[in-house]
1. What about Arg55, is it open to solvent by less than 30 Å² (accessible area, probe 1.4 Å), among the basic types (Lys, Arg) and within 22 Å of Lys33 (Cβ to Cβ)?
2. What are the pairs with Cβ atoms under 6 angstrom where one residue, in segment 16-40, is touching a residue at least 12 places away in the same chain (Cβ under 8 Å) and under 18 Å from Asp89 (Cα atoms) and the other, located anywhere, is open to solvent by less than 90 Å² (accessible area, probe 1.4 Å) and among the basic types (Lys, Arg)? Sequence gap at least six, or different chains.
3. Quick one: in segment 83-100, of everything that is touching a strand residue (DSSP E or B) at 6+ places or on another chain (Cβ under 9 Å) and within 21 Å of Ala113 (Cβ to Cβ), which residue is surrounded by the most Cβ atoms within 10 Å (Cβ to Cβ)?
4. Return the residues of segment 93-121 that are of a type in the set (Val, Ile, Thr), more than 19 Å from Val64 (Cα to Cα) and at pLDDT 95 or above; say none if nothing qualifies.
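The values are calculated or read from the model by the stated rules, or taken from the named source; none is laboratory data. Every value quoted in this text rests on a predicted model; they were computed, and no experiment measured them. Note that we place each Cβ from the backbone using ideal geometry, even for glycine, and neighbour counts take in every protein chain shown. These area figures cover heavy atoms from the full protein model, side chains too; ligands, DNA and RNA do not enter into them. Shrake-Rupley method; radii C 1.70, N 1.55, O 1.52, S 1.80 Å.
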Amino acid sequence: MRKFTNYIVVHCSASPASAVHVDAKEIDCWHRKKGWLKIGYHFVITRDAVLQKGRNLDEAGAHVAGRNHEAIGICLVGGTKDDWKTPEDNFTEEQSTTLRALLCELCDIYPQAKIVGHWELDPKKACPVFDIKGWLAARPYLNSK
């Protein structure tokens with residue numbers, strides 16, 4: 001059980017825009033193949049901007065090494081070119097709208113939590129492949145985080 005929340009971490013699925021089949025169920029399969037109990041993220045935002053539930057909010061995630069006990073994980077589906085390797089900011093405006101609404105809700109529940117991109121807690125990662133600080137700055141009601 002996660003007892004406190006210091007971070008809300010934005011991730012990407014590292015999949016191309018063409019991989020429209022990727023959703024919480026698919027990511028759950030990927031994570032179970034790694035030997036995990038279940039999907040590591042608390043939320044997934046699909047290519048068509050549907051918000052899907054992953055882990056329960058009170059559970060520790062499995063999405064950012066060393067910080068799972070204090071972080072909520074949100075995964076945007078996308079983030080690579082068609083080779084599934086090269087980072088690419090290919091997220092839709094609709095995904096951005098869903099992310100903004102979710103972050104507003106989570107910030108109301110966890111006002112002390114800092115919104116960060118995965119790479120800010122693990123510099124070896126490119127995820128979520130866009131500048132979350134710049135994204136937040138364009139949304140003044142969120143950039144206090």
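1. Yes: the conditions hold for Arg55.
2. Hits for this filter: Val20/Arg47.
3. Within segment 83-100, the match that is surrounded by the most Cβ atoms within 10 Å (Cβ to Cβ) is Leu99.
4. Thr98
Residue-by-condition table, conditions (1) of a type outside the set (S, T, N, Q); (2) open to solvent by 40 Å² or more (accessible area, probe 1.4 Å); (3) more than 26 Å from Pro111 (Cα to Cα):
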{"site": "Lys25", "(1), (2), (3)": "yes, yes, yes"}
{"site": "Lys33", "(1), (2), (3)": "yes, yes, yes"}
{"site": "Gly40", "(1), (2), (3)": "yes, no, no"}
{"site": "Thr46", "(1), (2), (3)": "no, no, no"}
{"site": "Val64", "(1), (2), (3)": "yes, no, no"}
{"site": "His69", "(1), (2), (3)": "yes, yes, no"}
{"site": "Val77", "(1), (2), (3)": "yes, no, no"}
